Every structure is written in C-alpha cells, then in structure tokens.
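Every number here is computed from the coordinates shown, using simple stated rules; none is lab data. Just so we're clear, the structure is a prediction, and the values are computed from it rather than from any experiment. A quick note on method: Cβ atoms are made from the backbone with ideal geometry, for glycine too, and the neighbour counts reach across all protein chains shown.
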Amino acid sequence: MGTAGTSSTTSDYGNDDDLEIWKSVEGNDWQDQMFGRTGQQNMYNVNVSGGSKDLKYNIGYSHTDEESIMVGSGYSKNNVNAKLNAKLNKWLTIDFTGRLAYTKLDGLSGGADTNESSAANSIVAQTVRYRPVEPLTDSDEDAENSTSQQRTPTERITDTYKYQDRLQQSYNVGLNWKPFKGWTFRSEFGYTWKRYETDQVWGSNATVNSKFGGNGQPQAVLTRENTKSWRNSNTITYDNNKLFGGRDHINILIGQEWSSSQETTNTSTSISFPSSMTISEVLANMAAGTALPNESDIAEEENIMSYFGRINYTMADKYLATFTLRADGSSKFGDGNRWGVFPSLALAWRISEENFMKSAQKWLSNLKLRLSFGMAGNNRINSGLITRTYSMSENDEHVPYFGEDRTSALNKGTYLYNPDLKWETTTTRNIGIDYGFWNNRISGTLDFYWNTTDDLLMRSVVPSSTDITTNTRISERHRTKVSSSLSTQYWLTKRTSA
C-alpha cells in the first residue's frame, strides 16, 4: 500500500527532486474562494400608528436582504405586522393582530446536501479536503470517468442550485366582555399557516457520490411543506380588591383551550437528466429525468385540550396564596394515558409587615418567606410514537443496476413504538427568602429547589441489528439546586452652600 501511494504521488507531482518546480505554483485557497466574499445587509422599516380614544392601530413593514459570505448564498425577508384595538362600548372591546412573513433563501447550508449520504462529501467539507494544486497530468481513467468527485469546490457550487421560498401567515382575534363589575370574559381565536417550498438541482459537475445513483448526470429534488394550526381559548376572570373593606384581594380565573396542528410534506425526485441540460432547463423540464417514487408524508394531527383554573388571594398585603390546577389531554398519548392533571400551590408571608417587626423596620425593609409546590407536564415528542408505522422505500434503498426498475417497498418504521407513553411530569418544590435592608439599598434572595421528573420522555439508541434507530423510553430524574442573589444601591449627593 505504501508503494502504491508513493507511485500515485510521484505520477501526480513528481519525485523529491521536482519539488522546486512547485515553489512557483500558486495554490488554491478553496475556503477563501468559497467564503471570501464580503457580506452586505440592508434593512428598511416603516411604521404607522394612530387612532382615537376608542380605536388604536399600528401597522409596520420591514424588509431585510443580505448577500452572505458564501458564494451564491443570501436571503431576503419581508414582514408585515398589524395591530388593532377597538372599544365598541364600555363593556365590549375587540383586538386583532396579524403577521405576514415572506422569505427567500438562496444557497447551501453547511451540512450534507439532500442527495449526499454523508456530510464528508459536502461542498463545504471539500473546501478543506480538496487538493490546492492540480497534478501534472490526469490519468486516462480519470479522464474517462470524470465525475464530480474530480471537480473543484467552486465548479461544484457553480453547478448547484438551491432556492427556498417560505410564506407564513398568523392571525389572532380576541374579544373582551365585561358584563358586570369585576367580571371579564375573554375569547381568543388564532390561526397560522405555513408554506415552505424548496427547489434543489445538481448539474453534472455536482452529483458527487449521490445516494440516488446516476453520478455525472443532473438531478433534482422538489419539496413542498404545508403546516396549518389553530387555537381557541376562553377564560372567565373575577377580580375583587374590596374584600372586607379593602383589606383582602381575590382574583379567580377559569379557562379552556383547544389547539390543533397538522403538517404535510411532498418530495419529488428525478435523476439521470441528460448531461447537457442546464439547471434552468432541468427545472423547466422535470419530465426529462427518471422520476423516483414520490414521498408523501401526512403527519398525524396533533390535538391538545386543556382546562385550567387559578385563585390568587392576598390578605392584608401580608399573606399571599396562589392555587392553580390544570388538566391537559394530548393526542400523542393513548386512551389510558391521554390526560394529565397538574396542580400547584404557592404561599408567601411578608414577615417584615408584622407588628412584632416594627422595631426592626428602620433597617429591615423587606423579609418574605416563600413556599411552593407544583407539577408541570411535557408532551414534546413526535406524534405517532404509540403506534406501529411503516415507510416507503425504493429497491430496499440500494442504487439500482443498469436496466433494473425502481420499485417501492413497504418497510417497518425506524423507531420502536411504545403504547405506554404518558405525560412527562416535573414536580418542583421550593423554599425561598427575600430580604432587603436600609430601604432596600442591600437586597437579595435565597432559594432551595428540589425537582423530580417522572416518566421522562427520552430518545435512546438501540442496537443497529434491530434496524431501529431510536426508541422513546420512560425514565426518571432528580435535581436539587441552591441559588442566591445580592444587589446593592448607592445614592451620591452633593453638598452645596450659598
């Protein structure tokens, strides 16, 4: 192997006696050629606001465009934001917010491209790995098999096209109704729609080690993604700060929320276009290539239903209590584990306001003891993990031989399903003290936390022999924490005399 490597180096660059020849040869700094461009960014903003006593509005527009340092990369973004608040009468108001964002992106990212099986083959990686000086001669074999593996990084990126078109709209409407003193009913409805389109084309100089096969011939991948989500929330709030002649204050909130979202993705791939076709010709004549089976993914709809309530009570501005209870149901879990109930309680005592502390109030500004206990749920996993899934693949994912037809096959999913998944629950316990001295010139806090997470949703790696890449399992975690803060304030005064 050492002899072969020496022979190859000698044929490419000569023997040791020929090294003087290369001193006058200027090498290629591929990184500088790829990333040496000076970036430039332009930003524009326009905002209009106004209204009257009962009607207020705000409309804004912003534009950003950027030419990035990487050859052929850049983006432009346009945002339109609108806010409206209208008081229809003394007990009814309505508000509206809307946002429209349109983004266009050109160029590649740093990792593996869509047609590459490894980031090591990416154009960015080749800027580091590719030889800075061309050899004396190319072998006949290289000349005959001149695939993009022998192309320079600049040749490859010049023959690569990637364009992303993103449109996002979100709207939210809210209604406030105050039928009686202290009572407020609020209803909100929100809707979001996203459309992402990505066009990628690789010319004959850019199909290096393509996982689709057909090296040396243009390829194209068109991806279309759509996401729709909506949310509805309804709350009733009662607020009274006149209890017992104004001594106590109570605030009660009861509400319900329902949200839903779904995503669809469609990917079209065509390979083996005629080598003479340009990128624009490929985009205009997708039928000229060999189409691979379309990949369509209709994600399982994600639904969450929540009911919640909260009571805040303050007595004599010295004793404070907050109780919260919420129940959440998620479609990501099975029937027996769909719902989770999460209570919390927080208590506080302003010791510095007690009568027996009056003698210390000259130097003790604040002393408050806090106790809390609460539970919170987490369902941040993908949908469909509780059921068996199957996926489509072509020819068992191997590159077809000449004359072999590409066929689709139904394969089992790449993750292990788990019907026992349930809400991840984190229980937090806290004891804390707030303090302040000399009119809070010195103040701080001291807290002790003890957190426990049960039914932890965690991805784990399983043996490769199972053909399963990940498995979501249930585990447990404990954590304790002590934190403190201290701040000081100084007032500087200057003495003056007449």
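Cβ under 14 Å from G36's Cβ, G36 left aside: what net charge do those residues give with Lys, Arg +1 and Asp, Glu -1? In short, -2. In this simple spin-label approximation, S229 and E300 carry label points 7 Å from Cα along the Cα→Cβ vector, and these lie 1.8 nm apart.
The alpha-carbon of K77 sits under 26 angstrom from the alpha-carbons of these lysines, leaving out residues fewer than 8 places away in its chain: K104, K162, K194, K228. The slack in the chain from T427 to L283, taken as 0.36 nm per residue of separation less the alpha-carbon distance, amounts to 46.4 nm.
Under 25 Å of direct C-alpha separation, and excluding same-chain neighbours fewer than eight residues apart, K87 reaches these lysines: K53, K56, K178, K181. Spin-label model, F437/K104: points 7 Å from Cα along the beta carbon direction are separated by 6.4 nm. In terms of other Cβ atoms within 10 Å, I157, I279, I59, I123 run from fewest to most in the order I59, I279, I157, I123.
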